[in-house]
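A.B. asks: Right, I'll just put the structure down here and ask away after.
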Amino acid sequence: MGKKPKRDKSPQIEKNRHKFPELLLKKLEEAGLCTENLIFCCTGDMDNDACYRSAWLSFDEKGLYIAYGTEELMKIKGKKHIEPKYTVEEIVAIPIEDIDKLETERYVSTGRLISVKDGVQTSLVKFSIGRIGQFDNLMKAFNSFKEKGEAEIPTSAEPEDKKCKKCGKPCPPGKDFCKKCGKNSAVAVRLFKFFGGYIPQIIAIIATMLLGSAVSVFIPQVSTRALFDDVLANPDGLPAAELLKALGVLVLSIFGVKLLNTLLTVIQQHLSGGIMPMVIYDIRVKIFKAMQRLSVGFYSSKQTGSLMERVISDSNNIYWFFVDGVPSVIIDTATIIGVLILMFVMSWKLSLIVIVAMPIIIVTLVFGDRFFRGMHHRNWLFGARVSAMVSDNINGQRVIKAFAKEDDEFDRFSKASEDLMNSEIKLTVSEATLFPILEVVILMLTTVVLGFGGVLVAKGEMTAGTLLTYIVYLEMLRGPFSFLSWVSNWWSRCADSAQRVFEICDAEPDIVEKENAVGFENLRGDIEINELEFEYEPARPVIRKLSLEVKAGDMLGIVGKTGAGKTTIANLIARLYDAKEGNVKIDGIDVRDLKLTELRRNIGLVSQDIYLFIGTIADNIRYAKPDATMNEIIAAAKAASAHDFIMKLPDAYETRVGAGGQKLSGGERQRISIARTIIQNPKILILDEATAAMDTETERNIQNSLTKLKAGRTTLAIAHRLSTLRDSDYLAVIDNGRIVEYGTYSELLKQKGEFYKQYKIQSEALKTIGIGTSEAETEEE
Amino acid sequence: MSNNTISPETLRTEYVIPEKCVFSLNPSGFLAADIDGKEYKRVILTRSLPLSLPDEYICISDIEKNEVGIIEKISAFSPEQQELINSELSQRYYCPVIEKIESIKEKMGHFYFDVVIGGVKKAFAVKDITKSIRQHGDAIDVTDIDGNRYRITDFASIEAKSRRKLEPYLY
Ligand SMILES: Nc1ncnc2c1ncn2[C@@H]1O[C@H](COP(=O)(O)OP(=O)(O)OP(=O)(O)O)[C@@H](O)[C@H]1O
Ligand SMILES: [Mg+2]
């Protein structure tokens, strides 16, 4: 213990990540804590009775300190960021001699830090379960310090709370800003960015739209005002023939103007029809690409139903809004502005009335927008649930049928559909209530204008034609206004979709390739696992300090109870997940330093759950190597004992499989998947229960061909059936994330441990059904 | 006609008998037990149905998480024993209770909650709100991005203003 604690030596720790912020350290100093030599710090949020309170835990060579107090986030004048203000109320110091070690316990919503002295446990502090990772790190650092006199600081340590530096709201793990502040560009701005590459076309489209609205605003001037005042009222007292001629000219020009208007609409639609599909294509491709980039962790945490909804329906929502909505918004807004200006020019007195009515309309619009946003969201949720249920039902059809649960499933579905229906009815009814209100307001307005305008005409302040035109303009406002009132819903639906789309685009993959990642020069295939630790969820370790070594060309068999962590090891080697502590090295290079494509190209993973893509069997086999020749495909299929059954299918290698294709048995699919991996010709082969669904004879055949292929290949075989692993050079028995037994097949049998027990059970079972395990028996001796 | 009930012989769970299962507190204040004459210095209690039947089917396990027995009903125990059991369970299943929802704001797919818990303001963020809210009986559980849970014990009885804020996200 006497050694001086080592601090900050580890290169992985950047910027004293495991230290409190300066401001807090100052406060702690003021409260009487010597912060000079603190080794590790961690922030809690509760006291020992689970009441919310800021708690700062730290330790040095003398003791463990728990400081309680408050943390307030203050907006500092003149600064963009907010700063926390700390007050320290109380410090509990526990001498280091009074603690043998620390423990954490995981409860449902809380966790607890416990100190142990001579086997007696004392509860120190509780915390929200989300902090268990931090407290685990504290525990590890403390315990290693107690044991070795030197604290092992976990690489992931981060003592501070994740709060947005700008607004103080909680932020997603690993980020400095909350979603709101981090992405200051609003949804709309981001959406419009997709149009960045089409600026000339956009300008042309908008220009035609504006021209179109100008023309349509101009039409009543000719068709109504000129018609009435200049021709029909005959102010200059023209003779009938002249009047008729003027009328003819006017009618023709009305026709011409309307024709021009239609022409402009056609041009605009042609132009936008040319770019919109491209923009939506960009968006779809972007989502898809973002999805490919994400790690498996993302997919296992989301319902695929809602993911599919996102890609397809969300991009459609965006598409239709931009194709139908946005042009109308531009045209209608321009129309409203143009009409209002003309109305003012024609009669400011009448326009005053309109101005008075305007706020009522606007208030109704704003209220409607707020009101409908929540409702639309709810509606979407119900919709998503219905589609998730459909996909659940389709995927589970076999189980449903086996238990004769069709009726119950139907009831469940109709209940969900009913909810959706009710929510849709509510939405439609509410919308149907709001629109008539607007209509009534406009109707009242028209009546008042007509009455008042009539008075003006009688007084001679206005011509009849002008009044009529004015009314026509008022009517022209009605359409755009009601459209604009509901376009906000439309927009909110589109924004909802866009938000979900951006959520995928913004999601950070957990697995990222390092900038200076390296490739293999000449891969041998040595695998080395050092003190590997892994957990899918904080403080639920799945792999605990596991070390293993497989020499290039060797075969390691892994056995263990279900849930022991075998598949997890395979996932970590292929870097589908990243280790928490420790590392996996291939040829001495940490997998995290390797180029991902290169790593995965060299690792063939035949996984427990097999997925066949939509396509032919041949396509599926050559998935890893699209340019494989038919010769190679057949050879691979033969090696995987798949050739015979494939040839029995009517379309042989051209049989369509995957969703909607030919159904294959579990063992048949496994064999295709093995063929797929054989063609990939990886240096490292991981077989995760690859032959579990096959009869022993087929398994043996595959093994024989794999043995031929084994030369120069490192193989990791995971299996429950011990006979599968007979060719292994070494065997590891995994239990609860640890290696409990290790050795060759016969060594393990001699050890008479867990492996022997399993072996006994399995061979006994074979004996009772009359199959001698002669070879195994010889080995046992 | 097929009879759908399982005969008691084929599938039966052994429950601890209250007389043969005595709980006590060990010197450091944690729950200890004596089951069928076997002593456990520390036991952990886990509810099988934490949401719907919190007082029945309680698993007893030792510190290594090996199950050592199941309590069928807490009510079968003596009042003193019940108190010990319940205090252990309430420690384990403690969940901060939301008293008031001040606001829920959505930004970029995240929902920012401002709530009051134990008279103290608390802010947390929720992702994927559909999956993070779970209704059971009168209660609602909300899980935030860090995996912390918060509970509204009786949704119908919190003030209407708070209720309206959360309602759009329930179904
Ligand atoms: N995506 C995941 N998220 C959370 N926990 C997981 C996940 N995948 C596996 N686990 C848990 O991790 C543990 C180890 O799982 P793993 O799949 O490695 O077991 P296994 O040894 O391969 O078992 P089996 O023999 O049944 O295939 C299990 O307790 C499992 O519940
Ligand atoms: Mg597995």
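The values are calculated or read from the model by the stated rules, or taken from the named source; none is laboratory data. Note that the coordinates shown come from a computational prediction; the quantities given were computed from them, not determined experimentally. Cβ: placed from backbone, ideal geometry, glycine included. Neighbour counts: every protein chain shown. The protein model used for the area step is the full one, side chains on, heavy atoms only, and it has no ligands, DNA or RNA in it. Shrake-Rupley method; radii C 1.70, N 1.55, O 1.52, S 1.80 Å.
A.B. asks: Considering only residues of the stretch B:118-138 that are free of Cβ contacts under 8 Å to residues at least 40 places away in the same chain and open to solvent by less than 10 Å² (accessible area, probe 1.4 Å), which is farthest from the other protein chains (Cβ to nearest Cβ)?
C.D. replies: B:Val126
A.B. asks: Please give the number of the condition B:Pro96 fails out of (1) open to solvent by less than 70 Å² (accessible area, probe 1.4 Å); (2) more than 18 Å from the chain's Cα centre (by Cα).
C.D. replies: Condition (2) is where B:Pro96 drops out.
A.B. asks: Go through the stretch A:117-128 and report how many residues are at pLDDT below 90 and either more than 31 Å from the chain's Cα centre (by Cα) or open to solvent by 10 Å² or more (accessible area, probe 1.4 Å) (or both). Show your work before the answer.
C.D. replies: So in the stretch A:117-128, the residues at pLDDT below 90 come out as A:117-123, A:128.
When the remaining residues are screened for being either more than 31 Å from the chain's Cα centre (by Cα) or open to solvent by 10 Å² or more (accessible area, probe 1.4 Å) (or both), the result is A:117-123.
Total meeting the criteria: 7.
A.B. asks: Quick check: anything in the stretch A:592-605 out of contact with any Phe, Trp or Tyr (no Cβ under 8 Å at 6 or more places or on another chain), charged (D, E, K, R), open to solvent by less than 40 Å² (accessible area, probe 1.4 Å) and at pLDDT 85 or above? Spell out the reasoning first.
C.D. replies: Within the stretch A:592-605, the subset out of contact with any Phe, Trp or Tyr (no Cβ under 8 Å at 6 or more places or on another chain) is A:592-593, A:595-597, A:599-601, A:603-605.
Restricting the remaining residues to those that are charged (D, E, K, R) gives A:592-593, A:595, A:600-601.
Remaining after also requiring open to solvent by less than 40 Å² (accessible area, probe 1.4 Å): none.
So far as the stretch A:592-605 goes, no, none of its residues is out of contact with any Phe, Trp or Tyr (no Cβ under 8 Å at 6 or more places or on another chain), charged (D, E, K, R), open to solvent by less than 40 Å² (accessible area, probe 1.4 Å) and at pLDDT 85 or above.
A.B. asks: Something else now. For the stretch A:689-724, name all the residues that are within 16 Å of ligand 2 (Cβ to nearest atom), open to solvent by less than 40 Å² (accessible area, probe 1.4 Å) and modelled with pLDDT of 80 or more.
C.D. replies: Scanning the stretch A:689-724 gives A:Glu689, A:Leu716, A:Ala717, A:Ile718, A:Ala719.
A.B. asks: Taking the stretch A:398-419 as the search range and keeping residues that are open to solvent by less than 90 Å² (accessible area, probe 1.4 Å) and within 24 Å of A:Arg493 (Cα to Cα), which one is nearest to the other protein chains (Cβ to nearest Cβ)?
C.D. replies: Ranking the qualifying residues of the stretch A:398-419, first place goes to A:Asp419.
A.B. asks: Taking only the stretch A:664-688 into account, find how many residues are part of a loop (DSSP other than H, G, I, E, B) and either open to solvent by 60 Å² or more (accessible area, probe 1.4 Å) or within 16 Å of ligand 2 (Cβ to nearest atom) (or both). Explain how you work it out, then say what you get.
C.D. replies: Let us first name the residues in the stretch A:664-688 that are part of a loop (DSSP other than H, G, I, E, B), namely A:664-665, A:681-683.
Next, from what is left, pick out any that are either open to solvent by 60 Å² or more (accessible area, probe 1.4 Å) or within 16 Å of ligand 2 (Cβ to nearest atom) (or both): A:681, A:683.
Number of matching residues: 2.
A.B. asks: Out of all the residues in the stretch A:551-567, is one or more within 21 Å of A:Gly753 (Cβ to Cβ), open to solvent by 50 Å² or more (accessible area, probe 1.4 Å) and away from ligand 1 (no atom under 16 Å from the Cβ)?
C.D. replies: no
A.B. asks: Please determine, by comparing only the residues of the stretch A:486-532 that are out of contact with any helix residue (DSSP H, G or I) (no Cβ under 7 Å at 6 or more places or on another chain) and open to solvent by less than 10 Å² (accessible area, probe 1.4 Å), which one is farthest from the other protein chains (Cβ to nearest Cβ).
C.D. replies: The qualifying residue farthest from the other protein chains (Cβ to nearest Cβ) is A:Gly525.
A.B. asks: Hey, any hits in the stretch A:515-536 for a residue that's assigned to a loop (DSSP other than H, G, I, E, B), among the aliphatic types (A, V, I, L, M), in contact with a Lys or Arg (Cβ under 9 Å, 6 or more places away or on another chain) and within 16 Å of ligand 1 (Cβ to nearest atom)?
C.D. replies: So in the stretch A:515-536, the residues assigned to a loop (DSSP other than H, G, I, E, B) come out as A:515-517, A:519-526, A:536.
Applying the additional criterion that residues be among the aliphatic types (A, V, I, L, M) yields A:517, A:523.
Retained after the next criterion (residues that are in contact with a Lys or Arg (Cβ under 9 Å, 6 or more places away or on another chain)): A:517, A:523.
Subsequent filtering for residues that are within 16 Å of ligand 1 (Cβ to nearest atom) retains none.
The answer is no; no qualifying residue exists.
A.B. asks: Turning to a different aspect of this structure: Does any residue in the stretch A:562-575 that is within 17 Å of A:Ala692 (Cβ to Cβ) come within less than 7 Å, Cβ to Cβ, of a residue that is open to solvent by 10 Å² or more (accessible area, probe 1.4 Å) and within 8 Å of ligand 2 (Cβ to nearest atom) six or more places away or on a different chain, and which pairs are these?
C.D. replies: These pairs meet every condition: A:Thr567/A:Gln608.
A.B. asks: When both residues are 6+ apart or on different chains and their Cβ atoms are under 8 Å apart, which pairs have a first residue that lies in the stretch A:453-481 and is closer than 22 Å to A:Ala334 by Cα, and a second that is surrounded by fewer than 18 Cβ atoms within 10 Å (Cβ to Cβ) and among the acidic types (Asp, Glu)?
C.D. replies: Note: pairs meeting the criteria are A:Thr466/A:Asp229; A:Arg478/A:Glu439.
A.B. asks: I would also like to ask the following. If you check every pair at least six apart or on different chains, which have Cβ atoms under 6 Å apart with a residue in the stretch A:186-201 that is without any contact (Cβ under 8 Å) to a residue 40 or more places away in the chain first and a residue that is among the charged types (D, E, K, R) and surrounded by fewer than 10 Cβ atoms within 10 Å (Cβ to Cβ) second?
C.D. replies: As it stands, the answer is none, since no pair meets every condition given.
A.B. asks: Could you run through the stretch A:534-550 and say how many residues are away from chain B (no Cβ under 14 Å), crowded, with 19+ Cβ neighbours inside 10 Å and away from ligand 2 (no atom under 16 Å from the Cβ)?
C.D. replies: The total comes to 2.
A.B. asks: Here is a follow-up. Show the residue pairs meeting these rules: Cβ distance below 6 Å; 6+ apart or different chains; first residue within the stretch A:46-62 and within 14 Å of chain B (Cβ to nearest Cβ) and within 17 Å of A:Ala31 (Cα to Cα); second residue among the hydrophobic types (A, V, I, L, M, F, W, C) and open to solvent by 20 Å² or more (accessible area, probe 1.4 Å).
C.D. replies: Correct list of pairs: empty, since none qualify.
A.B. asks: Further, regarding this structure: Is there any pair linking a residue in the stretch A:702-724 that is within 14 Å of A:Pro682 (Cα to Cα) to one that is basic (Lys, Arg), with Cβ under 7 Å and at least six apart or on different chains, and which?
C.D. replies: Correct list of pairs: A:Arg713/A:Lys683; A:Thr714/A:Lys683.
A.B. asks: Would you be able to say whether some residue in the stretch B:48-63 is within 9 Å of chain A (Cβ to nearest Cβ), on the phi < 0 side of the Ramachandran plot and not in a helix (DSSP H, G or I)?
C.D. replies: Step one: of the stretch B:48-63, the residues within 9 Å of chain A (Cβ to nearest Cβ) are B:50.
Restricting the remaining residues to those that are on the phi < 0 side of the Ramachandran plot gives B:50.
Filter once more, keeping what is not in a helix (DSSP H, G or I): B:50.
Yes, some residue in the stretch B:48-63 is within 9 Å of chain A (Cβ to nearest Cβ), on the phi < 0 side of the Ramachandran plot and not in a helix (DSSP H, G or I).
A.B. asks: Related question: Determine which single condition A:Thr597 fails, assuming it passes every other condition in (1) touching a residue at least 60 places away in the same chain (Cβ under 8 Å); (2) more than 16 Å from ligand 2 (Cβ to nearest atom); (3) among the polar types (S, T, N, Q).
C.D. replies: Status for A:Thr597: all satisfied but (1).
A.B. asks: Can I ask one more? Taking the condition assigned by TED's automatic domain parsing to the domain that holds A:Thr714 and either away from ligand 1 (no atom under 16 Å from the Cβ) or outside any helix (DSSP H, G or I) (or both), does A:Leu572 pass? Walk me through it before giving the result.
C.D. replies: Numbers: assigned by TED's automatic domain parsing to the domain that holds A:Thr714: yes; either away from ligand 1 (no atom under 16 Å from the Cβ) or outside any helix (DSSP H, G or I) (or both): no.
No: the conditions fail for A:Leu572.
A.B. asks: For the stretch B:139-171, give me each residue that is among the basic types (Lys, Arg) and either open to solvent by less than 50 Å² (accessible area, probe 1.4 Å) or more than 7 Å from chain A (Cβ to nearest Cβ) (or both). If you could, list the steps in order and put the result at the bottom.
C.D. replies: Residues of the stretch B:139-171 that are among the basic types (Lys, Arg), as a first pass: B:149, B:151, B:161, B:163-165.
Those that are among the basic types (Lys, Arg) and either open to solvent by less than 50 Å² (accessible area, probe 1.4 Å) or more than 7 Å from chain A (Cβ to nearest Cβ) (or both): B:Arg151, B:Lys161, B:Arg163, B:Arg164, B:Lys165.
A.B. asks: A further question on this structure: Output the qualifying pairs, or none if there are none: Cβ atoms under 8 angstrom, residues six or more apart or on different chains, first residue in the stretch B:9-34 and within 14 Å of chain A (Cβ to nearest Cβ) and surrounded by fewer than 17 Cβ atoms within 10 Å (Cβ to Cβ), second residue at pLDDT 80 or above and part of a loop (DSSP other than H, G, I, E, B).
C.D. replies: Matching pairs, first to second residue: B:Asn26/B:Lys41; B:Asn26/B:Arg42.
Quick grid of which residues meet (1) touching a Leu at 6+ places or on another chain (Cβ under 6 Å); (2) over 14 Å from A:Ala637 (Cα atoms); (3) without any contact (Cβ under 8 Å) to a residue 24 or more places away in the chain; (4) of a type outside the set (D, E, K, R):
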| residue | (1), (2), (3), (4) |
| --- | --- |
| A:Lys648 | no, no, yes, no |
| A:Gln662 | no, yes, yes, yes |
| A:Glu668 | no, no, no, no |
| A:Arg671 | no, no, no, no |
| A:Pro682 | no, yes, no, yes |
| A:Ile686 | yes, yes, no, yes |
| A:Ala693 | no, yes, no, yes |
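A.B. asks: Would you confirm whether any residue within the stretch A:645-663 is outside any loop (DSSP other than H, G, I, E, B), under 18 Å from A:Ala692 (Cβ atoms) and under 32 Å from the mean Cα position of the chain (by Cα)?
C.D. replies: Here is the first cut: in the stretch A:645-663, the residues outside any loop (DSSP other than H, G, I, E, B) are A:645-648, A:652-654, A:656-657.
Within this subset, residues satisfying the condition of being under 18 Å from A:Ala692 (Cβ atoms) are A:645.
Filter once more, keeping what is under 32 Å from the mean Cα position of the chain (by Cα): none.
No, that holds for no residue.
A.B. asks: Consider A:Asn395 carefully, then state whether it is open to solvent by 80 Å² or more (accessible area, probe 1.4 Å) and either within 21 Å of B:Ser132 (Cα to Cα) or polar (S, T, N, Q) (or both). It would help to see each step written out before you state the result.
C.D. replies: Numbers: open to solvent by 80 Å² or more (accessible area, probe 1.4 Å): yes; either within 21 Å of B:Ser132 (Cα to Cα) or polar (S, T, N, Q) (or both): yes.
Here the answer is yes, as A:Asn395 does meet what is asked.
A.B. asks: For residues in the stretch A:245-299 being touching a residue at least 24 places away in the same chain (Cβ under 8 Å) and among the charged types (D, E, K, R), which is farthest from A:Pro200 (Cα to Cα)?
C.D. replies: Among those that are touching a residue at least 24 places away in the same chain (Cβ under 8 Å) and among the charged types (D, E, K, R), it is A:Arg293.
A.B. asks: Then there's this: Can you name the number of the only condition in (1) over 30 Å from A:Ile702 (Cα atoms); (2) of a type in the set (Val, Ile, Thr); (3) out of contact with any Ser or Thr (no Cβ under 9 Å at 6 or more places or on another chain); (4) within 16 Å of ligand 1 (Cβ to nearest atom) that A:Ile589 fails?
C.D. replies: Of (1) over 30 Å from A:Ile702 (Cα atoms); (2) of a type in the set (Val, Ile, Thr); (3) out of contact with any Ser or Thr (no Cβ under 9 Å at 6 or more places or on another chain); (4) within 16 Å of ligand 1 (Cβ to nearest atom), only one is false for A:Ile589: (4).
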